[in-house]
Amino acid sequence: MKLLRPAILLCFACSGVMAGNQQDTSIVRKKFSCVRITQPVKIDGKLDDAVWQDAPIATNFIQNSPKEGAAASYQTEVKMLYDNNALYIGAMMYDDHPDSIMKQMGLRDDNVTADNFRMVFDTYNTQQDAFDFTVTASNVQVDSRFSDFNYNAVWHSHVQMLPNGWSAEVEIPWSALRFPTTEKQNWGIQFTRWIQRKFEFDQWSLTPKAAQNSLKYWGILEGLENIDVPVRLSVTPYLSTIWQSDNRYGPDSPSTSFGGGMDLKYGINESFTLDMTLLPDFSQVQSDNIVKNLSPFEIQYDEYRPFFTEGTDLFSLGDLFYSRRIGKTPTQFYNTGDLLDSNERIIKNPTQSRLLNATKLSGRTSNGMGIGILNAYVDNTYAVAQDTLTGATRKILTEPRSNYNIFVFDKQVQNGSHVYFVNTNVMRTHGYRSADVSGAGFSLNNKKSTWTFSGFGAVSNIMEPVDSLKGQFNSSLGYKYVASIDKNSGKLKYGISRRELGKNFDPNDLGINYETNIADNSAYVAYNVYNPWWIFNLINSSLNFDYTQNARLHTMNNFTIDFFTYAEFRNFWSFYIGSESTPFDSKDYYEPREDGRFYLRTGYNAVYGGINTNSNKKISFNLGFHGGQTHYISQEIPVNPWGGADLTVNVRAGYRFSFS
């Protein structure tokens with residue numbers, strides 16, 4: 001742990017320095033008031049309730065794209081109300097050609113071809129995170145948090161198509177938001193409107209395209225006072241029955257099992273939420289796709305279990321947490337055949353560890369301190385073997401009793417900066433290994449948010465038992481660090497970074513890591529044309545260099561140069577072109593699966609590109625190409641060229657049906 005102390009001390013030192021800085025006073029932020037009401041609002045999209053009549057109006061939207069700072073094509077008006085149950089937003093989107101408003105249907109959170117109205121709330125006004133709600137002209141809802149794209153809330157909306165445009169009414173219950181426990185609230189707030197047929201993006205409070213932190217330019221919402229939030233409590237009990245047949249290890253008789261448990265969610269206050277699950281049953285969750293894996297790395301699967309997808313933004317800091325480790329396939333699942341005695345066969349072999357309970361507490365205080373704690377307990381998991389001669393059965397331990405724990409502290413400070421500390425811990429019984437990983441990091445911005453300096457360091461400690469009865473373990477320490485500095489605003493952006501993982505760094509008991517014994521140095525430069533110029537609406541170009549070494553031997557593994565350009569024309573067609581080159585042969589130390597050996601990969605040069613037509617048209621297409629060749633391989637194969645092309649045709653037959 002000695003290696004970690006300097007990183008922790010640096011984080012808290014940076015916290016003290018940055019907390020004393022003042023926000024950029026050169027930015028004049030708009031202000032808008034929200035009005036308390038005592039009468040209910042009918043969410044029907046008509047905006048004809050009496051309570052809307054005297055509410056303040058947010059208007060004078062400004063075009064951000066295609067031309068930053070230009071007047072919006074059509075007027076937009078927004079009003080806000082609240083009571084002790086919810087926040088209410090009413091918006092009127094005027095349009096001289098209502099029959100041209102695009103309103104493709106789609107599933108929740110889909111990126112549909114439709115006009116939309118968006119509401120974004122920085123409830124702590126720290127300019128680092130926000131709740132994002134969007135409703136389209138077809139009433140498709142989209143929601144997320146800047147720090148958690150898996151965020152989904154229960155909220156209500158309705159839209160109306162009118163002779164002079166379209167309108168929307170939205171109700172967002174307080175249970176969907178987190179905010180400080182203070183008498184008077186001051187939130188950062190932004191409203192935007194997207195006009196699909198014009199590819200026009202309008203904002204109530206204009207944020208420069210070249211800005212690194214757009215939240216600094218948002219307006220301030222005032223008027224929220226003395227919110228008496230209702231109790232946030234939900235309890236969901238369940239009963240389940242499972243029928244299972246598995247003949248991978250010989251003839252098998254179907255088996256059945258019964259279960260029951262409970263999920264609980266409790267809002268301790270406006271900021272913190274407690275989640276608990278007892279004897280969880282995730283059998284109804286979407287199954288993983290079957291993957292034939294011939295690579296030297298394990299497959300990283302998506303998380304579909306609600307308990308582990310909701311409110312997990314804090315736990316992602318440091319990239320040390322992979323929730324699929326909890327309740328995973330038992331360690332000895334695939335080895336049970338090797339543990340059998342003569343004349344035995346497997347009659348039961350659970351595919352998931354037996355998760356008994358899990359608890360999660362997360363939230364953020366009014367001074368910007370985020371706290372996240374997650375603990376899960378897994379019981380012994382057994383396969384059952386049966387003697388084919390005597391019929392006797394015995395248990396084979398495939399996963400020992402284990403406790404998984406992670407806690408995170410994240411302190412937000414001025415200028416969109418933050419420092420954080422993360423610890424993951426796994427403790428196992430029955431002489432199995434245990435693990436502890438600790439890390440600390442920071443991201444510091446200057447006053448104008450033109451430069452960012454960030455870093456992270458972690459130490460892993462793997463404890464392999466020597467004599468579990470005497471409590472003797474062999475300890476293996478590993479390290480990881482990352483540091484970068486970026487100029488990330490303006491037309492010209494550039495930065496450099498350094499990343500190194502020691503040979504013994506191993507976060508895989510509660511995280512996932514594909515690399516070890518590697519040092520990576522990278523640099524980039526990017527130039528962007530944000531506003532219309534000549535025949536273009538915008539141009540984005542970047543050039544990247546990446547040099548990778550073996551951290552122990554200090555020899556070159558790989559050197560790559562990447563170039564990419566994307567441009568959009570005035571008629572909303574677009575094209576892209578890029579190249580990738582490895583001037584030298586590279587060494588892959590992972591593919592041989594044997595320490596000290598490497599697979600020599602021949603250098604190559606490649607190009608790719610494509611063109612996309614206007615996606616607003618009923619028929620559009622995307623045409624792409626790619627090609628390249630390797631360097632000299634051998635006398636029999638001097639070079640290995642390749643090439644190809646692809647064409648996608650998109651047909652939009654009305655607002656309810658489209659295909660490609």
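Under 6 Å between Cβ atoms, at least 6 apart or on separate chains: pull out the pairs that start in segment 494-514 with a residue that is β-branched (Val, Ile, Thr) and end on any residue that is surrounded by fewer than 17 Cβ atoms within 10 Å (Cβ to Cβ).
Listed pairs, sorted by first residue: Ile496/Ala523; Ile512/Gln300.
Do you know which of the residues in segment 448-463 that are under 23 Å from Ser541 (Cα atoms) and not in a strand (DSSP E or B) is modelled with the highest pLDDT?
Going through the qualifying residues, I end up with Thr450.
Just need a number here: residues in segment 444-460 that are out of contact with any Asp or Glu (no Cβ under 6 Å at 6 or more places or on another chain) and under 15 Å from Asn488 (Cβ atoms). First the steps, then the outcome.
The first filter runs over segment 444-460 and keeps only residues out of contact with any Asp or Glu (no Cβ under 6 Å at 6 or more places or on another chain), leaving 444-446, 449-451, 453-459.
Pick out the ones that are also under 15 Å from Asn488 (Cβ atoms) and you get 444-446, 449-451, 453-454.
Final tally of qualifying residues: 8.
Quick one: is Glu171 open to solvent by 10 Å² or more (accessible area, probe 1.4 Å), in contact (Cβ under 8 Å) with a residue 24 or more places away in the chain and touching a His at 6+ places or on another chain (Cβ under 6 Å)? Break it down stepwise before answering.
Values: open to solvent by 10 Å² or more (accessible area, probe 1.4 Å): yes; in contact (Cβ under 8 Å) with a residue 24 or more places away in the chain: yes; touching a His at 6+ places or on another chain (Cβ under 6 Å): yes.
Taking the combined requirement at face value, the residue satisfies it.
Consider Ser144 against the criteria (1) free of Cβ contacts under 8 Å to residues at least 40 places away in the same chain; (2) more than 30 Å from Lys447 (Cα to Cα); (3) assigned to a strand (DSSP E or B): it satisfies all of them except one. Which criterion is unmet?
Every listed condition holds for Ser144 apart from (2).
Quick one: Trp155 ticks every box in (1) out of contact with any helix residue (DSSP H, G or I) (no Cβ under 6 Å at 6 or more places or on another chain); (2) modelled with pLDDT of 90 or more except a single one, so which number is it?
(1)
Under 6 Å by Cβ, and 6 or more places apart or on different chains, what pairs join a residue from segment 462-483 that is small (Gly, Ala, Ser) with one that is at pLDDT 85 or above and part of a loop (DSSP other than H, G, I, E, B)?
Ser476/Asn504; Gly478/Gly502; Gly478/Asn504; Gly478/Phe505; Gly478/Asp506
Could you give every pair whose Cβ atoms fall below 6 Å, whose first residue belongs to segment 63-90 and is more than 21 Å from Val135 (Cα to Cα), and whose second residue is outside any loop (DSSP other than H, G, I, E, B) and open to solvent by less than 40 Å² (accessible area, probe 1.4 Å), counting only separations of at least 6 or pairs across chains?
From residues that are more than 21 Å from Val135 (Cα to Cα), the pairs are Pro66/Asn537; Ala70/Gln63.
Yes or no: segment 51-58 includes at least one residue that is in a loop (DSSP other than H, G, I, E, B), at pLDDT below 95 and not aliphatic (A, V, I, L, M).
yes
May I ask you to list the residues in segment 188-202 that are acidic (Asp, Glu) and open to solvent by 30 Å² or more (accessible area, probe 1.4 Å)?
Residues of segment 188-202 acidic (Asp, Glu): 200, 202.
Correct list: empty.
Does Gly327 satisfy being part of a loop (DSSP other than H, G, I, E, B), open to solvent by less than 30 Å² (accessible area, probe 1.4 Å) and of a type outside the set (A, V, I, L, M)? It would help to see each step written out before you state the result.
Values: part of a loop (DSSP other than H, G, I, E, B): yes; open to solvent by less than 30 Å² (accessible area, probe 1.4 Å): yes; of a type outside the set (A, V, I, L, M): yes.
The answer is yes for Gly327.
Any residue in segment 289-311 that is in contact (Cβ under 8 Å) with a residue 24 or more places away in the chain and of a type in the set (Phe, Trp, Tyr) sitting within a Cβ distance under 7 Å of a residue that is assigned to a loop (DSSP other than H, G, I, E, B) and buried (at least 16 other Cβ atoms within 10 Å of the Cβ)? List the pairs, counting only those 6 or more apart or interchain.
Going by the 7 Å Cβ cut-off, the qualifying pairs are Phe307/Pro280.
Just one of Phe149, Phe117 is hydrophobic (A, V, I, L, M, F, W, C) and more than 30 Å from Ile619 (Cα to Cα); which is it? Please lay out each step first, then the result.
Values: Phe117 fails: more than 30 Å from Ile619 (Cα to Cα).
Of the residues listed, the single one that is hydrophobic (A, V, I, L, M, F, W, C) and more than 30 Å from Ile619 (Cα to Cα) is Phe149.
The values are calculated or read from the model by the stated rules, or taken from the named source; none is laboratory data. Not measured: the values here are computed from a predicted model. Virtual Cβ from ideal backbone geometry, glycine too; neighbours counted across all protein chains shown. Surface areas here come from the heavy atoms of the whole protein model, side chains and all, with no ligands, DNA or RNA. Shrake-Rupley method; radii C 1.70, N 1.55, O 1.52, S 1.80 Å.
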